[in-house]
1. Go through segment 65-82 and report how many residues are touching a helix residue (DSSP H, G or I) at 6+ places or on another chain (Cβ under 9 Å), open to solvent by 10 Å² or more (accessible area, probe 1.4 Å) and not in a loop (DSSP other than H, G, I, E, B).
2. Across segment 140-161, what is the number of residues that are in contact with a Pro (Cβ under 8 Å, 6 or more places away or on another chain) and closer than 21 Å to Thr262 by Cα?
3. Being touching a Phe, Trp or Tyr at 6+ places or on another chain (Cβ under 7 Å), within 19 Å of Ala74 (Cβ to Cβ) and not in a loop (DSSP other than H, G, I, E, B) is the filter here; which residues of segment 86-114 pass it?
4. Exactly one condition in (1) among the β-branched types (Val, Ile, Thr); (2) buried (at least 18 other Cβ atoms within 10 Å of the Cβ); (3) more than 18 Å from Gly120 (Cα to Cα) is not met by Val202; state its number.
5. Go over the candidates Glu154, Glu179 one by one and state the one that is under 25 Å from Leu17 (Cα atoms), charged (D, E, K, R), under 18 Å from the mean Cα position of the chain (by Cα) and part of a helix (DSSP H, G or I).
6. Kindly establish whether Glu343 is surrounded by 14 or more Cβ atoms within 10 Å (Cβ to Cβ) and among the acidic types (Asp, Glu).
7. How many residues are under 19 Å from the mean Cα position of the chain (by Cα) and within 21 Å of Thr164 (Cα to Cα) if we restrict to segment 210-232?
8. Taking segment 37-52 as the region of interest, how many residues are open to solvent by 10 Å² or more (accessible area, probe 1.4 Å) and within 23 Å of Leu176 (Cα to Cα)?
Amino acid sequence: MARSVISRSVRSGVSELKIAILGAGAWGSALAVALAEKHRVTLWARDSALVSAIASERRYARYLPEVAVPDRVAVTAELEGALAQGDLVLVATPTVGLRQVLEKIRAAKFAGPVVWVCKGFEQASGKLPHQVAAEVLGARAACGALSGPSFALEVARGLPTALTLAARDAEFARRLARELHQPTLRVYYSTDVAGVEISGAVKNVMAIAAGISDGLGMGLNARAALITRGLAELARLGTALGGRAETFMGLAGAGDLILTCTGELSRNRRVGLLLAQGEPLAATLEKLGHVAEGVFSARAIESLAAEKNIDMPITRAVCGVLFRGASPREAAKALLARDPREEN
């Protein structure tokens, strides 16, 4: 069913899809606004009060108060109704909620394409999103991840953004990328699902490190070095887990890493800035008001690195600050004190 929906759309020249976006946080809402330019979008949220507020005010006051939600976007708290209206499902919950939503999709017997936009490892299992999806939905071909350098607010405002759609089925990825592609939202495609997802997880940890560096006033030279060495860590772990080298130099890898480590809208960078100012982690996350996936992914990444015998000193330093009581300044000094070695 999944591939035939996309195939009919391409052959007939009809570009409009019915898209159900599950999750009305900042990213889900931004995608709803952006994709409504070309497609019919239904935005689902579990909170009926939130649905009523968005439907009446036509904006999401908490996360995207600056951006109007077009009338073309239907908003609902009825999951089965949203699925019944969809040719395609985009799951826009945080990673922690992915499994539960996928189980609801399975229970509703939705057989069409399912794409997730969350980044990170599942906290309870240490699994990547595509591994969670395989456990819940089985080995359906029409599944994939949409990732890349993208702040929700800029996407919602219609500012130019480029993303990567990764799926095991190359033809499905190519056709769906074409359907989602529009003038200010460029969508490339890839078959390297693992590489794209690992990039999305590791870059958030590096953004926490960049925030700490910036918060300590270590300067732009230090930030550039950290991003570069962070990319090396990402690539070492990614290739060990089956990702392809070219993915880590592309949008989902270097592109997202650079944006998240430097952009003022980066939640994970903000975590690092607050930690550098002496805020405890619990207070930092409360003040943030959003999910910072890097905090939940850091421990899983450190564990995988140890299992694969991969040196990831920046990740280890971030975990020291987050979970082992190291001060940000101590962690930075420890990184600077490492012996010189060949760059690789």
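1. Number of matching residues: 8.
2. Residues in segment 140-161 being in contact with a Pro (Cβ under 8 Å, 6 or more places away or on another chain) and closer than 21 Å to Thr262 by Cα: 1 in total.
3. Scanning segment 86-114 gives Val89, Val91.
4. Among (1) among the β-branched types (Val, Ile, Thr); (2) buried (at least 18 other Cβ atoms within 10 Å of the Cβ); (3) more than 18 Å from Gly120 (Cα to Cα), Val202 violates only (3).
5. Values: Glu179 fails: under 18 Å from the mean Cα position of the chain (by Cα).
Within the list Glu154, Glu179, the selection yields Glu154.
6. For Glu343, the condition - surrounded by 14 or more Cβ atoms within 10 Å (Cβ to Cβ) and among the acidic types (Asp, Glu) - is not met.
7. Total meeting the criteria: 3.
8. So the count comes out to 5.
The values are calculated or read from the model by the stated rules, or taken from the named source; none is laboratory data. Every value quoted in this text rests on a predicted model; they were computed, and no experiment measured them. No Cβ is skipped: glycine too gets one built from the backbone with ideal geometry, and neighbour counts run over all protein chains shown. SASA here: full protein model, heavy atoms, side chains in, ligands and nucleic acids out. Shrake-Rupley method; radii C 1.70, N 1.55, O 1.52, S 1.80 Å.
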